[in-house]
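J.: My structure is below; once you've seen it, I'll send some questions.
The values are calculated or read from the model by the stated rules, or taken from the named source; none is laboratory data. All figures in this text were calculated on a predicted structure; none of them were measured in a lab. Heads up, the Cβs are rebuilt from the backbone with ideal geometry, glycines too, and the neighbour counts pull from every protein chain shown. To get the accessible areas, we keep the full protein, side chains included, count just its heavy atoms, and leave off ligands, DNA and RNA. Shrake-Rupley method; radii C 1.70, N 1.55, O 1.52, S 1.80 Å.
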Amino acid sequence: MADFVDLHIHTDHSDGQQSPREAVDRALALGLKAISITDHDTISGYLMAQAYAQGKEVEVIAGIELSATRTDEDIHILGYLFRPECPRLSETLERFRQIRYDRGKKMLERLARLDVIIDYAAVLEAAGDAPVGRPHIADILVKTGYVTSYDEAFRKYLELGGPAYVPKAKLMPEEAVDLIHEAGGVAVMAHPALTGHDEIIDDLAAAGLDGIEITHPTHSRSDRKRYRQLARRHGLFCTGGSDSHRRPGRYGEIGEGQVSYETLINMKAAWRARAGRH
Ligand code: AMP
Ligand code: FE
Ligand code: FE
Ligand code: ZN
């Protein structure tokens, strides 16, 4: 049987609804050779999965999905194979966590002005180990009955430009790439079709981007073909995963997309080549 990996998975340390252990157990049950936990702006879920997978038949590689932005759009940059103990990385993530905490409070103030009163303690409880994000506020809006669904919470209040929306910390995609490189990792443009700004790939390739995410549940066959060509043109490696969140309506399930083990081998080759350049 061919060997597969899944290099894009979220846990309840960001906006997923599976624990790092559950993600590892699922990967083991499916016989995946390797996974990466790529939570938004945090590596605590990765560290837990990595510790739990010690001595088990699945490799857990370091991963993160950084939320970057140029003007207002969300541009996601995946980082892999970095050193988790890199001081600049930890300091940046700690700063983002603090900014997200303050931003959560501001979003609740905006909601209150619309007579939507929810308790920040409940949001923090929903967030648990995760840096506070809109998904946790959406969960509480559903729980308290202000909206009937998670999607409605976004449509009515939380989506970009919505009445309760507050922007996150400003991180340019080039800075995200740089941060991952400084931590010794490789940087990948996440789900470019979903992001919808292909022109960024040319800019980021010039800034040292290493790879493009080709396999993603939102990518059509023609998207995959287009991005493979772009990758070839810029000398970038191709990667992919399920973007599993275990949250209804939020992308695939672990293992989906059948990403080959060779994908990880190619990523590691690019990583070694980059290390050799330093
Ligand atoms: P934040 O990082 O706090 O801005 O929240 C971003 C997260 O919210 C994304 O990773 C998604 O999980 C979720 N999200 C963003 N926009 C929507 C939307 N329109 N509908 C549902 N979920 C969304
Ligand atoms: Fe997400
Ligand atoms: Fe993403
Ligand atoms: Zn993701």
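J.: Report ³J(HN,Hα) in whole Hz for each residue of the stretch 122-134, in order, from the Karplus equation J = 6.51 cos²θ - 1.76 cosθ + 1.60 where θ = phi - 60°; Gly and Pro get x.
T.: Couplings: 5, 5, 5, 5, 5, 6, x, 7, 7, x, 4, x, 4 Hz.
J.: Applying 1/(1 + (r/R0)^6) with R0 = 35 Å to the Cβ-Cβ distance of Asp202 and Ala122, what FRET efficiency is obtained, to the nearest 0.05?
T.: 0.20
J.: Which residues make up the longest stretch of the chain that has no GluC sites (Glu not before Pro) in a DSSP loop with at most 13 other Cβ atoms within 10 Å?
T.: 86-278
J.: Using a 1.4 angstrom probe on the protein heavy atoms only, could you order Lys268, Lys225, Lys143 from most to least accessible area?
T.: Solvent-accessible surface, decreasing: Lys143, Lys225, Lys268.
J.: Do the alpha carbons of any pairs in Lys105/Lys143; Lys143/Lys168; Lys170/Lys268; Lys143/Lys170; Lys105/Lys168 sit beyond 22 Å of each other, and which pairs?
T.: Violating the 22 Å limit, Cα to Cα: Lys143/Lys168; Lys170/Lys268; Lys143/Lys170.
J.: Dipole magnitude of the chain about its Cα centre, charges +1 at Lys/Arg Cβ and -1 at Asp/Glu Cβ only, in debye to the nearest 20?
T.: Roughly 300 debye, rounded to the nearest 20.
J.: Working from Cα positions, state the angle (0 to 90°, nearest 10) between the long axis of helix 87-113 and the longest principal axis of the chain.
T.: So the helix axis and the longest Cα principal axis differ by about 30 degrees.
J.: Here is a follow-up. Using the alpha carbon gyration tensor of the chain, what are the three equivalent-ellipsoid semi-axes (square root of 5 times each eigenvalue), largest first, in whole Å?
T.: After diagonalising the Cα gyration tensor, the semi-axes are 30, 21, 18 Å.
J.: A follow-up question, please. If contacts are Cα pairs under 8 angstrom and at least 6 residues apart, what is the relative contact order of the chain in percent?
T.: 22
J.: Can I ask one more? Through the Karplus equation 6.51 cos²θ - 1.76 cosθ + 1.60, θ set to phi - 60°, convert the phi angles of the stretch 67-74 into ³J(HN,Hα) values in whole Hz; use x for Gly and Pro.
T.: Using θ = phi - 60°, the values come out as 8, 10, 7, 9, 10, 9, 5, 8 Hz.
J.: Between Lys225 and Ala2, what is the label-point separation in nm under the 7 Å Cα-to-beta-carbon projection?
T.: Output for this residue pair reads 1.8 nm.
J.: Put His40, His234 in order of accessible area, largest first, 1.4 Å probe: what do you get?
T.: The ordering from most to least exposed comes out as His234, His40.
J.: Once phi is turned into ³J(HN,Hα) by the Karplus curve 6.51 cos²θ - 1.76 cosθ + 1.60 with θ = phi - 60°, what whole-Hz value does each residue of the stretch 52-65 show in order, with x for glycine and proline?
T.: 5, 7, 4, x, 9, 8, 10, 8, 10, 9, 4, x, 7, 10
J.: Further question on the same structure: Please state, as a whole number in µm²/s, the translational diffusion coefficient that the Stokes-Einstein equation yields for the stretch 16-153 at 37 °C and 0.692 mPa s, with Rh defined as the Kirkwood radius across alpha carbon pairs.
T.: Rounded to a whole number, D works out at 197 µm²/s.
J.: Remind me, what semi-axes does the stretch 145-278 give for its equivalent ellipsoid, largest first in whole Å, using sqrt of 5 times each Cα gyration tensor eigenvalue?
T.: One finds semi-axes of 30, 19, 14 Å for the stretch 145-278.
J.: Would you calculate a helix-derived [θ] at 222 nm for the chain, using -39,500 (n - 2.57) for each DSSP H run of n ≥ 4 and dividing by the full residue count, to the nearest 500?
T.: Helices in the chain give a 222 nm mean residue ellipticity of -13500 deg cm²/dmol.
J.: Another question, if that's okay. Just to verify a number: FRET efficiency for Ala51 and Thr218, C-beta to C-beta distance, R0 = 30 Å, to 0.05?
T.: Calculated transfer efficiency: 0.45.
J.: Which residue, Leu171, Gly185, Phe154, has the largest displacement toward the positive end of the dipole of the stretch 152-204 when charges sit on each Cβ (Lys, Arg +1; Asp, Glu -1)?
T.: Of Leu171, Gly185, Phe154, it is Phe154.
J.: For the stretch 92-158, count the residues as N, evaluate 2.2 N^0.38 Å, and divide the Cα radius of gyration by that value, please.
T.: My calculation over the Cα atoms of the stretch 92-158 gives 1.05.
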